[in-house]
Amino acid sequence: AASRAIVQFLEINHSEETSRGWMLLTVINLLASSGQKTVDCMTTMSVPSTLIKCLYLFFDLPHLPDIPGGAENELPLAERRALLQKVFVQILVKLCHFVSPAEELAQKDDLQLLFSAITSWCPPYNLPWRKSAGEVLMTISRHGLSLNVVKYIHEKECLATCVQNMQQSNDLSPLEIVEMFAGLSCFLKDSSDVSQTLLDDFRTCQGYVFLSDLLL
């Protein structure tokens, strides 16, 4: 699968030759800390949208086999995966502290993937990736909600997608749905500082009605 191939390339390995993807990710992480001009350049090269596409694919990763590290200095597979997840979301959060990545995600039509991701079922072992998607979206709500981004979210009916996902999934637990609503509420609160549009969208797609039914 594509998700497995990407992860195998990006995960740290016991030698430099087999850790080229990890070294690339480390460089990207350093660059993401370099300020707006560098982030804008990375955005021009479609780094944010490429990473978001990968994040969405990671929801389909297979369960990790319980295999300990091979060599004495080699990390177990589970620890390598956790390290990758930590650095991957760290990069996206750093990037999304600026407006240009959110606008690039909207232009490339990849921002809607985040809304779908935070309200979609995934296997328990891939929950860290869903939490990562939520963390990235919350960063966008605080730092990246330009009028263009709000317009995109409105026109793509992203909030309606979220509500529909939660309503129609038979696999989500009530606790998961409550957690999803909590994340959406924070997003809507932040968006209200920019525009009332998304609050109106949430009302139009019966989001408040669904929340009321869920709590009662």
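Any read-out appearing in this document is the output of simple, stated calculations on the displayed coordinates, not a laboratory observation. Keep in mind that what you see is a predicted model, and the values were worked out from it rather than measured. Cβ placement follows ideal geometry from the backbone for every residue including glycine, while neighbour counts extend to all protein chains displayed.
Between the listed residues Ser192, Val39, Leu214, the Cα displaced farthest toward the positive end of the dipole of the chain, a dipole computed from Cβ unit charges relative to the Cα centre, is found at Val39.
For Gln167 and Leu30, what does the FRET efficiency come to when R0 = 41 Å and r is the distance between their Cβ atoms, rounded to the nearest 0.05? FRET efficiency, Gln167 to Leu30: 0.45. Legend: ranking of residues Thr119, Thr18, Thr161, Thr139 from fewest to most surrounding C-beta atoms inside 10 Å; resulting order Thr18, Thr161, Thr139, Thr119.
Highest mobility in the GNM of the chain, judged by mean-square fluctuation with C-alpha springs under 10 Å and restricted to Leu51, Leu111, Leu30, is found for Leu30. For the chain, the longest principal axis of the C-alpha atoms and the axis of helix 77-95 are separated by about 50°. Site pair Lys189 and Gln8 shows an inter-label distance of 4.4 nm when each label is modelled 7 Å from Cα along Cα→Cβ. For Lys189, which lysines qualify as cross-link partners when the Cα separation must be under 23 Å and same-chain residues fewer than eight apart are set aside? Once the sequence-local lysines are set aside, what remains near Lys189 is Lys94, Lys131, Lys151, Lys156. Annotation for Asp200 and Arg142: the two label points, set 7 Å from Cα along the Cα-Cβ direction, are 2.8 nm apart. If the segment from Glu17 to Leu175 were pulled out straight at 0.36 nm per residue, it would be longer than the present Cα-Cα gap by 52.5 nm.
If R0 is taken as 35 Å, the Cβ-Cβ distance between Ser212 and Tyr125 corresponds to a FRET efficiency of 0.60. The candidate values were (1) 32, 23, 12; (2) 36, 15, 14; (3) 27, 21, 15; the one computed from these coordinates for semi-axes √(5λ) of the Cα gyration tensor in Å carries the label (1).
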